[in-house]
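Report on the following structure.
The values are calculated or read from the model by the stated rules, or taken from the named source; none is laboratory data. Quick caveat, the model's predicted, so the values are computed rather than measured. Quick reminder, even Gly has a Cβ in these numbers, built from the backbone with ideal geometry, and neighbours come from all protein chains shown. Heavy atoms of the whole protein, side chains included, go into the accessibility calculation; ligands, DNA and RNA do not. Shrake-Rupley method; radii C 1.70, N 1.55, O 1.52, S 1.80 Å.
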Amino acid sequence: MSVLRRVCLSGPFRLAVIILLLAAGIWAAATIRMETELLPLLPPHLPSVQGMENFEKRFASDREIMVVADPAMPETERGEKFAKLRPALAAIPGVTAVLAPGEEFTEQWPVLAAWAIWNLPPDRFATLLPALKEEAARTRLAEIPDALAGAPDPVELVKLQLDPLRLIDVISSGSQTTSGGTTFAPAFAGEVPPFLIVRTGTPLVDFNLCMALTDAIHGVIARELPGEKRFWLTGRPAFTAEISRQMRSDMMMMMGVAVALICVAFWAFYRTLRPLGWILFFQMLALLAGLVVARFAFGSLNVISMGFASILLGVGMDYSILVYHHFASVHREDAKTWARLRHGIWFSALTTSASFLILAFSSFPGLRQLSALVAAGLLGSALFATWLLGSVLAKKPPVAPPVLDRFSHAGADWVTRHRRFLVGGAFIAAAVASWFIVQKPQLFYTGDMSQFRPAGGEAWRGQEVLFKLDESERDAIYLLRGPSWEQVKMGAHQLALQVSGGKLSPWSYLLPAPDFQVANRQQWPAGTLAGLQSAFTAAGLGEEWSHSTLMLSTALEQAAQGKTDAFRTIQPQLATLASQDAEGCTAVVRLPEAGEHPIPAGGLDAEKLGGVEVFPVSWVTLKDELTKLASHDVNRLGIWMLVALVTLCALAQRSFRLVALNMAALLLALLVLAALLVTTGTQMTPLSLLSVPLLLGLVIDYSLHILMAMEHSDGDLRHTYSHLAAPVVLTGLSSCIGFGAPMLTKQPALQNFGLVMDLGIMSAVAVGLLVLPALHQAWAPRCYTKDWFYRFFYRPEGFGWAIYWAARGRWVIRLISRVFAFFYTLFHPAAVAVVRRNLALLDPKHATWWSALRLYQHQGLNFAEYGCLASRPPEDAMKLLGRREGFEYLAAAQAKGNGCLLVTAHLGFFELGGLVMRQMGHPIVAITLPEPTPELTRWRAEFRGRWGVRTVEVGKDSFSVVEIVRELRAGSFVALLGDRPYDENHVVVDLPHGKTTFATGPVLVALMADCPIVPVACVRDHDGTYRAMAMPPIYPRRLPEGRDATLQHYTQEIANALRPVLLQYPEQWFQFVNVVA
Amino acid sequence: MVPVRQRRRLILSTLLLAASLAPAATPLSAEKADALRTRFENRQKETRTWSAGFTQTLALKGLREPVVSEGQIRFRAPDALRIDFSKPAGEFALAVGDQLFLQKPGKPVAEKSLSKDSAGKPFLSLLGLLQGRPPENEESFEVAVSRDEDRYLIVLTRKTGASGRLPKKITNTVGAESMEVQETVVELPNGGTLTYTFRNPSRNSPLPNAAFTPPAGR
């Protein structure tokens, strides 16, 4: 054991790691920030996201909370209660003002009107000036009594009092706005306000500040109006406070529910809770590991990531459950099984982590955080399960309840009996789902972004009331950004033309136009203010009539005089509409009645916008943008995921068949998921659509384990189920709990995500346990002779290609054969497993994958030698010969004239041995079984014939034996293979580490022909030459113990004689079927 | 007259109880006020037509002098009301159902909604008064009824918390015996008063139908 391994396995090291992780995790949990904003979760490059983010950053107030009354409350009651609340709210520390909506506006509206006028195009500004002349004002004011006579209109009365010169009408005339003179009339002036605005002196950017203020306001309401529940707090700080509070409680709730349910599930299966404590402890460590990653990498947890804890708990439990089940089973002492399980767990962890990490490449920042957290946590889970939990359970092994085995076996039997029905049912469900996918895709997906809105909360209810109260609720809102205000205004006009037929909201008057201001300053007549004052005095109208007009004119006069503070009093209002910074000029533009279709069907014509960027502040456009992006992401990530999975599966299984079965399980699971979605009426959203790559990883996880177990048990479903059925069902259940816990939150996005994942996991488990075994049995591994590789190359054409390439150079054919051998070994793990099992009979330590590779390479070289020797004279073949041993035994046998049986194994290049015998003057006959095709039999016989070796094909009939005896009696050397009996005529012989079977035919024939048996071998030596060996002859005699004992004795002698050669050259013992007795 | 919003039936109604604004007016008890309301409502239900001359006086803060308008008001049950101004000449207002037609001198007839447009609010209130169902209700107003010699005074004072767009106070003067509306004074939310003084009322006299026919070619 290496030093590093010893250290890692030592108790103090483990303890140190645990303590360090605990400390780091607690620090991370205490210092991590809760990211409550929704927009940072979305792709920042989308125009709508930019629009909304910039709108919130620049123009939405982070110093105000709105106290909204239930619209059902009678107006008078509302007025009385607000009157009571106002002073109490104003007394809250940090609150600088409590206002009714528009209250500030009411006082400053003339200055706002002045600003609008000041920024009019010069030609329109010029139309106003005549009305401001003293004479015109006097005339207009003199008409007021007549205007007041007759039928009274209350609104007109107010307008006249506020704007006796009708200046607002002059501004509005000829413009493309939807309302005229009432544009700047305060909306709620005089009315009982539907809400109050509580404003603080400092921005509420921290969620603690937001929570402190919302709590204080709630306290005031409770104190002043006991029992009153019809006031709701809304606004950005209220949302932050509510979501933060909700996030914390949701996280605790999800974790608590997930842990409780998992405990119940674990107890239901294993009827014990004791080891669960350790399992949950190690899961907690994994969770802390994820949290530490979040703290360092991101510094915060967002709304999506707050679900990671329960997800990790559910998915990470898989590994612990597998480890637990192993130590509870009878195989707990089997080191190989434990090694294989660890290998499987790590492979699963890597696959599932990879599938989560794929999300890091999605366009949604919110998912990147989740992917990193879960991937880190999963790897941590795998580490702690294999490293720590294993050693805990090894000390005190648990015992699985026997009922698990009974149910497993019963389940396996049921699946075996109904496999056709299960496979058929799965395919029918898949076919139906496919039809729906093609014909009615809208059943599966909705881009409705209202899913992301934090529905149901107090802040959202208040927001909805505000939306309804706002006259401009149906407006489309945009942020326009350009290098200058003139361009922004031009862009706004063009935008209006493209979207709303040219109609702009009246607020567009308030956009700054410095160029216009300069021009208008030139036009402003001096003394205008004084003239107006004189006109009002002459008309005998009091301050109630003149105040607004004179305030407006004062502002214009000051602006005309170049005073920079002319519009200082309305800066707070203007700041909510336009801002200028290094990025340029940004303005809020509203288009009336365009809220449902803010962007025309063909998109905006950017050229006509003149370089002005347009960012919609709209959930409608956001929905469309996200849908497009999510679909693109699913395709992109899904393909990557698929490629990664196929590659990982190929590396792990190295079998086309197994990889294909994995992919079949994947496809079926996805289609069954689709069927479940249709059945339950569940639609996927852009968020849950991105869970598809996650499901790919999870499905492969299950199918990988099941297929590996099926392969290991040679398709024995009972054996597989006893190992895996309970763990897979329990891990599926824990994953469902982990993903399902977020459904208990108030976040609709997480609810939908959790539901889709649960349905996906259920389909994965169902397909993995019920359908996949049936598919595996239908496509069982076959003998290597049925393999396409064997059938393709082991025929005359295959030898012909070897001859062709050999003619290009010996090194060419040898290189080709080595390459073929490598890839064959890589992609035929079942065949390699058989070879290794056979090699283990000789020496288990050398029964490795590399030994198998070298064996296949030797076989490939044999093939190459065939090709080389085919085109050369036999004398060249003799040059390949190196050492020659024991040939005296052959000479002695030949001298006696009785013939001799040359018995060898499938060892080395035994064909060369026949040539050597012939060249040395020994008449040689090769006994062979029929090849797969008569053509090949003929071809090989002709090949040997070139060397003077005759071939006799034998079958199962007795005439073959007669022919062999005749050859022997004629003095021939008859060569045959003894280590792969083809019928029941065999005995079990001992090898150093096991038993195998050898044919009794040679002994029988030798007894009949009364000839010796000479074990021989021709192997490739390390220097590339061939070593030909003949062992001392064996003279079979009938033993007194009888026929069977005689056959057993002398066949064992043959095996003993060949054993040293087998041990020295194990990688040239070409046994590709299982020869272990 | 400031527009009013609510339409609920006033419990005490705008009884045509005469009350003197002089400090000597005697407040009525709730039972008597109720009886008066009932009496007024019943009378108005029996009123098929009603006409009178009127003087409209608008006194606003800041105006040197109040603005005086005069004309004739005609009502036909259940929901037609016509006001012809003699000063300013050439102006009329006609309310039939929810339609309101307004003609200013030298301008075309404008059609509006009695209930939805701000211009309809004063006519809605007058119509309600003549129908016996004034739109002002107890939710927004405190009601005080008193008797002053030969008339009743019904004073509606806006409650704290009621909409600031409602009148601060409405004072209706009704003849004690005749139950005829003599005067209505509305204190406007922004300050100032709007006063209607009625003279020579005529009840259930025939009125020409043409007076209540919506104008053609509008």
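State the extension gain, in nm to one decimal, for the chain segment bounded by A:Ser871 and A:Glu984, taking 0.36 nm per residue of separation less the distance between their alpha-carbons. Mind showing how you got there, number by number?
Details: separation 113, 0.36 × 113 = 40.68 nm, distance 3.96 nm.
36.7 nm is the gain from fully extending A:Ser871 to A:Glu984.
Place the peptides A:694-705, A:718-729, A:242-253, A:1013-1024 in order of packing, highest mean first, counting for every residue the other Cβ atoms within 10 Å and averaging per peptide. Walk me through the numbers on the way to the answer.
Numbers: A:694-705: 26.2, A:718-729: 22.7, A:242-253: 18.5, A:1013-1024: 20.5.
Going from most to least packed, we get A:694-705, A:718-729, A:1013-1024, A:242-253.
Any idea how far the Cα center of the range B:142-202 sits from the one of the range A:916-958, in Å?
Between the Cα centres of the range B:142-202 and the range A:916-958 lies a distance of 132 Å.
Take every residue in peptide A:152-164, count the Cβ atoms of other chains within 10 Å of its Cβ, and give the average of those counts.
Details: counts 16, 9, 15, 6, 2, 10, 6, 1, 1, 7, 1, 0, 1.
Taking the mean over all residues of the peptide, I get 6.
Over the range A:711-863, what lengths in whole Å, largest first, do the semi-axes of the equivalent ellipsoid take, defined as the square roots of 5 times the eigenvalues of the alpha-carbon gyration tensor?
47, 19, 15
Rounded to the nearest 20 Debye, what is the dipole magnitude of the range A:364-516 about its Cα centre when Lys and Arg each give +1 and Asp and Glu each give -1 at the C-beta? Let's see the in-between values first.
Working: 15 positive and 11 negative charges, 201 e Å.
Dipole of the range A:364-516, to the nearest 20 debye: 960 debye.
Could you quote the convex hull projected area for chain B, Cα atoms only and averaged over all directions, in nm²? Write out the running numbers ahead of the final one.
Working: hull surface 48.8 nm².
So the mean shadow area of the Cα hull is 12.2 nm².
Of the heavy-atom accessible surface of chain A (probe 1.4 angstrom), what whole percent is carbon and sulfur?
61
Residues of the range A:558-582 with backbone nitrogen within less than 13 Å of a virtual label 7 Å along the Cα-to-Cβ line of A:Trp524, please, listed as ranges.
A:558-568
State which entries of A:Lys84/B:Lys169; A:Lys623/B:Lys116; B:Lys61/B:Lys112 exceed 31 angstrom in Cα-Cα distance in the structure shown.
On the way: A:Lys84/B:Lys169 23 Å; A:Lys623/B:Lys116 37 Å; B:Lys61/B:Lys112 28 Å.
Table pairs above 31 Å Cα-Cα are A:Lys623/B:Lys116.
Please say if the range A:30-84 is rounded, prolate or oblate, where rounded means a/c under 1.5 for a ≥ b ≥ c the square roots of the C-alpha gyration tensor eigenvalues, and otherwise the choice is prolate for a/b larger than b/c and oblate otherwise?
Judged from the Cα gyration tensor, the range A:30-84 comes out prolate (a/c at least 1.5, a/b above b/c).
Which of the residues in the range A:41-89 lose at least 50 Å² of accessible area when you go from the chain alone to all protein chains together (probe 1.4 Å)?
A:Glu75, A:Thr76
Would you mind getting me the FRET efficiency between A:Arg14 and A:Met920? Use the beta-carbon distance for r and R0 = 51 Å, nearest 0.05.
Values: r = 68 Å, r/R0 = 1.33.
In this case the efficiency is close to 0.15.
Averaging sequence separations of C-alpha pairs under 8 Å and six or more residues apart, then dividing by the length of the range A:590-729, give the relative contact order as a whole percent.
Values: 66 pairs, mean separation 33.9, N = 140.
Answer for the range A:590-729 is 24 percent.
Separation between the A:Asp1021 and B:Lys87 pseudo-spin-labels, each 7 Å from Cα along Cα→Cβ, expressed in nm?
14.4
Take peptide B:159-170, look around each residue's Cβ out to 10 angstrom, count Cβ atoms belonging to other protein chains, and average those counts.
5
Which residues of the range B:112-147 show a drop of at least 10 Å² in accessible area when all protein chains are present, compared with their chain alone (probe radius 1.4 Å, heavy atoms only, ligands and nucleic acids excluded)?
Residues shielded by partner chains are B:Ser118, B:Ala119, B:Pro122, B:Phe123, B:Glu139.
Return the average number of partner chain Cβ atoms within 10 angstrom of each residue Cβ along peptide B:66-73.
Working: counts 2, 8, 3, 5, 1, 2, 0, 0.
If you average over the peptide's residues, the count of other-chain Cβ atoms is 3.
Between A:Val432 and A:Arg461, what is the FRET efficiency for a Förster distance of 45 Å, r being their Cβ-Cβ separation, to the nearest 0.05? Before the final figure, lay out the partial values.
Values: r = 41 Å, r/R0 = 0.92.
It comes to 0.60.
With labels modelled as points extended 7 Å from the Cα through the Cβ direction, what inter-label distance (nm, one decimal) is found for A:Ala807 paired with A:Glu963?
3.2
Kindly compute the accessible surface that chains B and A hide from a 1.4 Å probe when together, both sides summed, and give it to the nearest 100 Å². All intermediate terms of the calculation are to be shown ahead of the outcome.
On the way: alone 10790 and 46840 Å², together 55180 Å².
Heavy-atom accessible area buried at this interface is about 2500 Å².
Find how much the distance from A:Met255 to A:Thr537 grows on full extension, using 0.36 nm per residue of separation minus their present alpha carbon separation; answer in nm with one decimal. Kindly include the intermediate steps, with their values, before the conclusion.
Details: separation 282, 0.36 × 282 = 101.52 nm, distance 7.57 nm.
Full-extension gain reported as 94.0 nm.
Could you list which residues have their amide H under 5 Å from that of A:Gly882, counting only those 5 or more apart in sequence or on another chain, with H placed in the peptide plane?
For A:Gly882, the qualifying residues are A:Tyr1026, A:Arg1027, A:Ala1028.
Any idea of the accessible area per residue across chain A, 1.4 Å probe, to the nearest Å²?
On the way: 45610 Å² over 1077 residues.
Computed with neighbouring chains in place, this is 42 Å² per residue.
Taking 7 Å along the Cα-to-C-beta vector as the label spot, tell me the A:Glu143-A:Ala24 distance in nanometres, rounded to one decimal.
Output for this residue pair reads 8.2 nm.
Tell me which of A:Gln246, A:Leu129, B:Phe40 sits at the most positive position along the dipole axis of the protein assembly as shown, charges placed on C-beta atoms (Lys, Arg +1; Asp, Glu -1).
Looking along the dipole axis, the top candidate is A:Gln246.
Arranged from highest to lowest average of other beta-carbon atoms within 10 Å per residue, in what order do the peptides A:797-805, A:547-555 appear?
Averaged packing, sorted descending, gives the order A:547-555, A:797-805.
Quick one: what Rg and Dmax do you get for the range A:278-394 from the alpha carbons, in Å?
14.9, 48
Farthest toward the dipole's positive end in the range A:705-855, which of A:Leu841, A:Gly809, A:Gly768, given Cβ charges of +1 (Lys, Arg) and -1 (Asp, Glu) about the Cα centre?
Towards the positive end, the residue furthest out is A:Gly809.
Placing +1 at every Lys and Arg Cβ and -1 at every Asp and Glu Cβ, with all other atoms neutral, what dipole size does the protein assembly as shown have around its Cα centre, in debye to the nearest 20?
Numbers: 124 positive and 112 negative charges, 748 e Å.
Roughly 3600 debye for the protein assembly as shown.
Using the structure shown, list the pairs from B:Lys87/B:Lys107; A:Lys489/A:Lys608; A:Lys81/A:Lys746 with a Cα-Cα distance above 21 Å, or answer none. Walk me through the numbers before you get to the answer.
Numbers: B:Lys87/B:Lys107 16 Å; A:Lys489/A:Lys608 13 Å; A:Lys81/A:Lys746 31 Å.
Distance filter (> 21 Å) returns A:Lys81/A:Lys746.
Using the Cα gyration tensor of the range A:930-1077, with a ≥ b ≥ c the square roots of its eigenvalues, what is the shape: rounded (a/c below 1.5), prolate (a/b larger than b/c) or oblate (neither)? Show your work: numbers first, answer last.
Values: a/c = 1.41, a/b = 1.05, b/c = 1.34.
Here the range A:930-1077 falls in the rounded category.
Among the aspartates and glutamates, which fall within straight-line cross-link reach of A:Lys159, defined as a Cα-Cα distance under 19 Å, with same-chain neighbours fewer than 8 residues apart omitted?
Cα-Cα hits under 19 Å: A:Glu103, A:Glu104, A:Glu107, A:Glu143, A:Asp146, A:Asp169, A:Glu191, A:Glu543, A:Glu544, B:Asp117, B:Glu187.
Based on the Cβ-Cβ distance from A:Leu225 to B:Ala30, what FRET efficiency comes out when R0 is 41 Å, to the nearest 0.05? Before the final figure, lay out each step's value.
Details: r = 30 Å, r/R0 = 0.73.
After rounding to 0.05, the efficiency reads 0.85.
Going toward the positive end of the dipole of the range A:908-1058, with +1 on Lys and Arg Cβ and -1 on Asp and Glu Cβ, which of A:Ser972, A:Met920, A:Trp939 do you reach last?
Among A:Ser972, A:Met920, A:Trp939, the one farthest towards the positive end of the dipole of the range A:908-1058 is A:Met920.
How much length, in nm to one decimal, is gained on full extension between A:His1049 and A:Asp716, taken as 0.36 nm per residue of separation minus their Cα-Cα distance? Show your work: numbers first, answer last.
Numbers: separation 333, 0.36 × 333 = 119.88 nm, distance 3.68 nm.
Separation in residues times 0.36 nm, less the Cα-Cα distance, equals 116.2 nm.
If we sort A:978-990, A:11-23, A:756-768 on the protection proxy, mean other Cβ atoms within 10 Å, highest first, what's the order?
A:756-768, A:978-990, A:11-23
With a 1.4 Å probe and all protein chains left in place, how much of the accessible area of the range B:71-218 comes from carbon and sulfur atoms, in whole percent?
On the way: 2920 of 6110 Å².
In the range B:71-218, the share of accessible area belonging to carbon and sulfur is 48 percent.
Once amide H atoms are built 1.01 Å from N in the peptide plane, which residues 5 or more positions from A:Leu301, or in another chain, come under 5 Å H to H?
Distant-sequence amide H within range of A:Leu301: A:Arg33, A:Met34, A:Glu35.
Once you charge only the Cβ atoms, +1 for Lys and Arg and -1 for Asp and Glu, what is the size of the charge dipole of chain B about its Cα centre, to the nearest 20 debye?
580
Mind grabbing the base-10 log of I(q)/I(0) for chain A at q = 0.05, 0.07, 0.09 Å⁻¹? Debye formula, identical points on the C-alpha positions, no solvent, two decimal places.
The Cα Debye sum returns log10 ratios of -0.54, -0.82, -1.08.
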